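Report on one structure; see the data block that follows.
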Amino acid sequence: MLKGKKILLGITGSIAAYKSAFLARLLVQSGAEVKVVMSPAALEFVTPLTFATLSKNPVHSDFTENKDTGEWNHHVGLALWADLMLMAPLSADTLSKMAHAQCDNFLMAVYMSARCPVMVAPAMDHDMFLHPGTQENLSKIKSFGHIVLAPNEGELASGLSGKGRMEEPEEILQAVVRFFNPDLPLSGKRALVTAGPTYEKIDPVRFVGNFSSGKMGVAIAETLASQGADVVLVAGPVKDLPSQPNIRVVKVTSAHEMHQACLAEFDQCDITVMAAAVADYKPATVALEKVKKKEDEWALTMVKTVDIASDLGSKKRMGQVMVGFALETENEHSNAALKLSKKNLDMIVLNSLKDEGAGFGTDTNKITLIWPGNKLKEFGLKPKSKVAEDIVQEICQLILK
Ligand code: CTP
């Protein structure tokens, strides 16, 4: 994704600097070459050793590394080396310096010598972010052509809650990938994918679950990301989570948790793929203590879980594309077509358990895609990664239409 790209990661004095260690690792994992420059204030929060280890390159924070020998760090050389300068976290102080070309430290000297594009991820307290001076500085650096990654809302280090949290490392990575790959078909699109089984608790040691491995959902998430989409994967208990670092994973256990996680993401998403094998029923009550062995028979009363696909389908806006799965053992086509319309989906992926090598647990799958109006397309048995490519190709047709 970022192979051969040279990224200069500027770290400034903000508590969010600890998250930049994850960011440095994600960038390196994605194939980028990373060099880190730290402001003097950043050194109060995190150590150069952490970043030197993660980036596999020396970290610079001053013009001279060794005062005795007078060895000089070449700010211009560093600046011209980079394909992208990424300031993350960007403090209010460094933002102000950038807006006013105030070159009073090594990081600022590198920044002012850079000819490459600059991307920034501000991180500061809510009121500092909203201050008219900060907003003016942000407008100013935007007018320089810099890319500003708007901070998230949420809990802040001060204990306050509001706007100012640096975007998560995965989100910043997604923005960097998008920057370098603007021509991918799904660049700029957000996708939500569910995967895996859900476990519904009976008591502290037992649950009701199913045999889903989550492989199909993970393969779809990976394929969507490779086509440029920003992907959030809401995964039930799945063993093999995606290897691609630009997929944000939200781990859940039960259908209720999966529903809540999906609701938090759905509105911002252009594409939703419901590949999870969500439990349809859960125990009516969860025993607080382990249920002891007594009678010969044990009857569990089960109640329906929420149908996540139906709920999201009823909230779907114009332009959002939703794809579901149907795992059937009989009357496959008619059952799948019924689910397609009942859940307000744009396409459904039918798996028949009658097909050998299809469905749960296997590395292969055999699918039929069905659209409203009973249009359908059958595919042969393939590895799940190839099946994911077929599905994503059709999703591209739907979203780009
Ligand atoms: N689904 C869901 N929430 C549920 C049940 C299913 O989001 N509580 C989604 C699945 O992820 C899938 C689609 O709905 O995309 C169809 O799931 P499936 O299990 O095949 O169908 P059900 O609606 O559960 O009906 P049945 O089990 O009776 O076939």
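Values in this text are rule-based calculations from the coordinates and carry no lab data. Fair warning: this is a prediction, and the values are worked out from it, not measured in the lab. Positions of Cβ are backbone-derived with ideal geometry, glycine not excepted, and every protein chain shown enters the neighbour counts.
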**OP:** Taking amide H positions as placed in the peptide plane 1.01 Å from N, state which residues far from S213 in sequence (5 or more) or on other chains have amide H under 5 Å from it.
**Re:** G361
**OP:** Would you mind calculating the gained length between A52 and T64 on full extension (0.36 nm times residue separation, minus the Cα-Cα distance), in nm to one decimal?
**Re:** 2.6 nm
Original post:
For the chain, what relative contact order do you get, as a whole percent, if you take Cα pairs closer than 8 Å and at least 6 residues apart?
Top reply: 11
Original post:
For segment 39-55, in order, what is each residue's ³J(HN,Hα) by Karplus, 6.51 cos²θ - 1.76 cosθ + 1.60 with θ = phi - 60°, in whole Hz (x at glycine and Pro)?
Top reply: 7, x, 5, 4, 5, 6, 9, 9, 9, x, 4, 4, 6, 5, 5, 6, 8
**OP:** Note the angle between two axes, namely the Cα long axis of helix 384-399 and the longest principal axis of the Cα atoms of the chain, as a number of degrees from 0 to 90, rounded to the nearest 10.
**Re:** 80
Subject >> Contact order normalised by residue count of segment 7-112, Cα under 8 Å, 6+ apart, percent >> reply: 35
Original post:
Which of these, K239, K342, K293, has the largest mean-square fluctuation under a Gaussian network model of the chain (Cα springs below 10 Å)?
Top reply: K293
**OP:** Round to the nearest 10 and give me the degree value, 0 to 90, for the angle of helix 255-266's Cα axis relative to the longest principal axis of the chain.
**Re:** 50
Original post:
Can you give the angle from 0 to 90° between the axis of helix 132-143 and the longest principal axis of the chain, with both taken from C-alpha atoms, to the nearest 10?
Top reply: 90
Original post:
Applying 1/(1 + (r/R0)^6) with R0 = 56 Å to the Cβ-Cβ distance of F22 and E295, what FRET efficiency is obtained, to the nearest 0.05?
Top reply: 0.65
Original post:
Roughly speaking, what is the centre-to-centre gap between segment 332-380 and segment 79-97 when only Cα atoms are used, to the nearest Å?
Top reply: 48
**OP:** Under a cut-off of 25 Å between alpha-carbon atoms, report the lysines in cross-link reach of K316, not counting same-chain residues fewer than 8 places apart.
**Re:** K189, K251, K304, K339, K342, K343, K375, K377, K401
Original post:
Total Lys pairs in segment 5-112 closer than 14 Å by alpha-carbon, pairs eight or more apart in sequence or interchain only?
Top reply: 4
**OP:** Could you calculate the FRET efficiency of N344 with H256 from 1/(1 + (r/R0)^6), where r is the beta carbon distance between them and R0 is 22 Å, rounded to 0.05?
**Re:** 0.55
Original post:
Cβ under 13 Å from S158's Cβ, S158 left aside: what net charge do those residues give with Lys, Arg +1 and Asp, Glu -1?
Top reply: -1
